[in-house]
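Below: one structure, written as structure tokens.
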Amino acid sequence: MIDMLSLLPEYTPKEFDSRHRLVIVASQRAKHLAQGAKPTGPSRFTKDTTNGLDEVLRGKIPYLTGIEAREAMKEAKRGKEGETERMAMMTGEDAKEIKKELSVYVDDSPMPLAAPAEE
């Protein structure tokens with residue numbers, strides 16, 4: 001079986017302990033690029049997935065492993081829980097204000113019923 005990373009001479013295949021980690025890191029980077037993150041520099045590729053893989057293989061994207069990764073995940077989860085609590089604590093006035101601001105973008109008024117077609 002041919003190791004695909006060995007076919008790419010400009011990359012350092014010893015940086016990753018497994019191909020699975022490489023795929024996970026590259027897919028996360030591609031997701032960030034697709035969501036609007038700026039590339040780390042000029043790229044010769046056009047697709048976000050290829051750019052993500054290229055950036056990761058070139059060592060431009062730092063990533064965490066082991067205990068550091070677990071702690072970062074816990075911290076991110078705490079941040080999401082805090083946001084949920086803040087939303088739950090909003091007063092009725094806050095909710096009305098948000099609904100008023102969103103009404104510019106969303107029309108939730110009932111649609112008029114169409115008259116049945118005559119034959």
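The values are calculated or read from the model by the stated rules, or taken from the named source; none is laboratory data. Everything quoted here is computed from the prediction, not taken from an experiment. Here the Cβ positions follow ideal geometry from the backbone for every residue, glycine too, while neighbour counts run over all protein chains shown.
Give the stretch 16-41 a look and list any residue that's under 17 Å from LYS60 (Cβ atoms), of a type in the set (D, E, K, R) and out of contact with any Gly (no Cβ under 7 Å at 6 or more places or on another chain), or say none. Once the filter is applied, which keeps residues that are under 17 Å from LYS60 (Cβ atoms), of a type in the set (D, E, K, R) and out of contact with any Gly (no Cβ under 7 Å at 6 or more places or on another chain), the stretch 16-41 yields ARG21, LYS31, LYS38.
For the stretch 1-110, please list each of the helices (runs of 4 or more DSSP H) lying entirely inside it that holds at least 1 residues being of a type in the set (Lys, Arg) and at pLDDT 70 or above. Result: 19-34, 66-88, 92-102.
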